[in-house]
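The values are calculated or read from the model by the stated rules, or taken from the named source; none is laboratory data. This is a predicted model, so every value here is computed, not measured. Using ideal geometry, Cβ is built from the backbone for each residue, glycine included, and neighbour counts are taken over all protein chains shown.
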4 protein chains.
Amino acid sequence: MPEPHELRIPVRYSETDQMGVVHHGSYVIWLEEGRTALMASLGFPYDEVEKRGFAMAVRNLDLRYREPAKYGDTVLVRTTVERFRSASILYHYEVLRELDQRRLAEGAAEVACLNLRRGWAPAQLPTDIRTALENYLNGPT
Amino acid sequence: MPEPHELRIPVRYSETDQMGVVHHGSYVIWLEEGRTALMASLGFPYDEVEKRGFAMAVRNLDLRYREPAKYGDTVLVRTTVERFRSASILYHYEVLRELDQRRLAEGAAEVACLNLRRGWAPAQLPTDIRTALENYLNGPT
Amino acid sequence: MPEPHELRIPVRYSETDQMGVVHHGSYVIWLEEGRTALMASLGFPYDEVEKRGFAMAVRNLDLRYREPAKYGDTVLVRTTVERFRSASILYHYEVLRELDQRRLAEGAAEVACLNLRRGWAPAQLPTDIRTALENYLNGPT
Amino acid sequence: MPEPHELRIPVRYSETDQMGVVHHGSYVIWLEEGRTALMASLGFPYDEVEKRGFAMAVRNLDLRYREPAKYGDTVLVRTTVERFRSASILYHYEVLRELDQRRLAEGAAEVACLNLRRGWAPAQLPTDIRTALENYLNGPT
């Protein structure tokens, strides 16, 4: 298993709700930033993926919330590719509080590759992304 | 199984993203409005629940996205209580496009009852909520 | 001056922040829904405006916050067209609490008409929109 | 005039809308992060201000949008304190695209100091904040 990609996100005030903690929906945004940062680190910033005519659309999303993130916290989004298929990628996530490394949440998201130029039809992952994911999963040799 | 509660939500422009459809995170907000509307219809508006010192915090969230909602659509959030335990409620959701009743997404959320006055400790569901949920699940007689 | 268009919006839980009231950014979303609802009532739903190749992009935004909206409130967004020019529309807003009709906020937004098919160049308002706005401002005869 | 505080914010995908650029409401969130980062740099992280029983509530907000921020951009939020009074602070903002330093938007926000322990009554700025703002405005000597 490769090392997870880590994205550091200071909690925004607008991400809280009147419960006094971060709203559970804010984590969904963080996970998206986590997976696009991971893909960018492999050479595939999502704006370029879109310009090539592909979209990576979320098909499934699972989140388990353990402890609340709070305003004043910085969270770490640790993202790994758990596996990929011909037309989809499954990401796994952990969200930690930076200060004490407590695990606040964990989750998974499956994204499907779509061809924006062919009416959003399901599409094979482009070969260079596929190769990069294989190298990522096999790790440095 | 009782009839699902139905909440009608016109898509907001700000809920879209540059993929040209509703951002997947927007559904999380809709589900929250769905379950609070269901509980309000049973006599428990969430602002009053909070004033009594309880919070209903999301513990688990699952979403499966089937077809994209678009700006111009009105969606129907159909919420049911699938089951409840002493200190938690499991909601099930379907999100439909009103126009053609196509199912756009489905999901589940488990919320835990917390006692805000005892340091957010897990708490039994208040008796009146528990009774209302039992009546709701048993349906009209 | 024509009667303002009124859009009724129940506050969403996710629109609050840990100050215990609605986050000031949420009003910006409400105003957008207010002006698109007004234009839809004149026969110009914004999704159709976009399909015709036009965008109405916000150029200026002003908001004055008087009293906080709270979760449990329903707000009324009262929108009027204050004036329009060849390529822009100036909207005026009031946000009221439905229960006691207290004015919570007021504001203005100027939107510019852009031609999406000509590289987002500033564009004259389409003639039918212009005519509808003239009739709206002159009121029923 | 002191140097503006600069906060670097990579655009999030969820901050875009189907116009293909950043939604105008997203800037409001960025400005809030800009002013809280400036105040934190002066020694007053907002979570600590709240713990001391004060809120800094937005009273007025003005934004002028010049060019759209896009996904893939990193923006710089440049925040200055324009002036302060006994119970309020006026911030001025510029939002720039990092790559070419183009000014995308500018704005202002006035925040009022409230005493959370006295029913949200308007309150004098705490003395230490007042002193820090005076030093900030007078600049290094």
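Name the single residue, out of those in the stretch C:7-29 being closer than 16 Å to C:HIS92 by Cα and in contact (Cβ under 8 Å) with a residue 40 or more places away in the chain, that is surrounded by the fewest Cβ atoms within 10 Å (Cβ to Cβ). Looking at the filtered set, the residue picked out is C:LEU7. Filtering the stretch D:75-112 down to residues that are among the small types (Gly, Ala, Ser) and outside any strand (DSSP E or B), which residue is farthest from C:ALA109 (Cα to Cα)? This residue is D:SER86.
Among the residues of the stretch C:113-129, what is the count of those that are in a helix (DSSP H, G or I) and surrounded by 15 or more Cβ atoms within 10 Å (Cβ to Cβ)? Working first, answer last.
Taking the stretch C:113-129 first, the residues in a helix (DSSP H, G or I) are C:116-118, C:127-129.
Next cut, surrounded by 15 or more Cβ atoms within 10 Å (Cβ to Cβ) only: C:116, C:129.
Residues meeting the conditions: 2.
For C:GLU32, indicate whether it is over 20 Å from C:ASP100 (Cβ atoms), acidic (Asp, Glu) and surrounded by 22 or more Cβ atoms within 10 Å (Cβ to Cβ). Considered against the rule, which asks whether it is over 20 Å from C:ASP100 (Cβ atoms), acidic (Asp, Glu) and surrounded by 22 or more Cβ atoms within 10 Å (Cβ to Cβ), C:GLU32 comes out as yes.
Taken as a whole, the structure places D:ALA87 among residues that are over 30 Å from D:GLN18 (Cβ atoms), in contact with a Cys (Cβ under 7 Å, 6 or more places away or on another chain), surrounded by fewer than 17 Cβ atoms within 10 Å (Cβ to Cβ) and more than 14 Å from chain A (Cβ to nearest Cβ). The residues of the stretch B:88-141 that are of a type in the set (Val, Ile, Thr) and modelled with pLDDT of 95 or more, listed by number, are B:ILE89, B:VAL95, B:VAL111, B:THR127, B:ILE129, B:THR131. Residue count for the stretch C:1-23 under the criterion of being modelled with pLDDT under 95 and of a type in the set (Val, Ile, Thr): the result is 0. Counting just the residues of the stretch B:60-74 that are away from chain C (no Cβ under 14 Å) and buried (at least 18 other Cβ atoms within 10 Å of the Cβ), which one comes out nearest to B:VAL111 (Cα to Cα)? Checked the stretch B:60-74; the qualifying residue nearest to B:VAL111 (Cα to Cα) is B:ASP62. Entry remark, the stretch D:69-102: residues being under 20 Å from C:GLY25 (Cβ atoms) and in contact with a His (Cβ under 9 Å, 6 or more places away or on another chain) number 3 in total. When the stretch B:35-48 is filtered for residues that are touching a residue at least 12 places away in the same chain (Cβ under 8 Å) and either surrounded by fewer than 21 Cβ atoms within 10 Å (Cβ to Cβ) or over 15 Å from the mean Cα position of the chain (by Cα) (or both), the ones remaining, listed by number, are B:ALA37, B:SER41, B:LEU42, B:GLY43, B:PHE44.
Scanning the stretch A:24-42 finds no residues that are more than 10 Å from chain D (Cβ to nearest Cβ) and among the acidic types (Asp, Glu). A:LEU99 meets the conditions (1) within 12 Å of the chain's Cα centre (by Cα); (2) more than 10 Å from chain D (Cβ to nearest Cβ); (3) without any contact (Cβ under 8 Å) to a residue 40 or more places away in the chain in every case but one. The failed one is (1).
Of all residues in the stretch B:84-123, those satisfying the criterion of being more than 28 Å from A:LYS70 (Cβ to Cβ), charged (D, E, K, R) and in contact with a strand residue (DSSP E or B) (Cβ under 7 Å, 6 or more places away or on another chain) are B:GLU94, B:ARG97, B:GLU98, B:ARG102, B:ARG103, B:GLU106.
Exactly one residue out of A:LEU7, A:LEU38, A:LEU31 is at negative phi, among the hydrophobic types (A, V, I, L, M, F, W, C), touching a strand residue (DSSP E or B) at 6+ places or on another chain (Cβ under 8 Å) and not in a helix (DSSP H, G or I): that is A:LEU7. In the condition set (1) in contact (Cβ under 8 Å) with a residue 60 or more places away in the chain; (2) more than 14 Å from chain B (Cβ to nearest Cβ); (3) assigned to a strand (DSSP E or B), C:ALA55 is compliant with all but (2). Taking the stretch A:4-17 as the range and being over 17 Å from A:GLU98 (Cα atoms) and away from chain D (no Cβ under 13 Å) as the test, only A:ASP17 passes.
Scanning the stretch B:124-141 for residues that are out of contact with any strand residue (DSSP E or B) (no Cβ under 7 Å at 6 or more places or on another chain), closer than 13 Å to B:VAL81 by Cα and not β-branched (Val, Ile, Thr) turns up B:ARG130, B:ALA132, B:GLU134, B:ASN135, B:ASN138, B:GLY139. The requirement of being hydrophobic (A, V, I, L, M, F, W, C), in a loop (DSSP other than H, G, I, E, B) and touching a strand residue (DSSP E or B) at 6+ places or on another chain (Cβ under 9 Å) is satisfied by D:ALA69.
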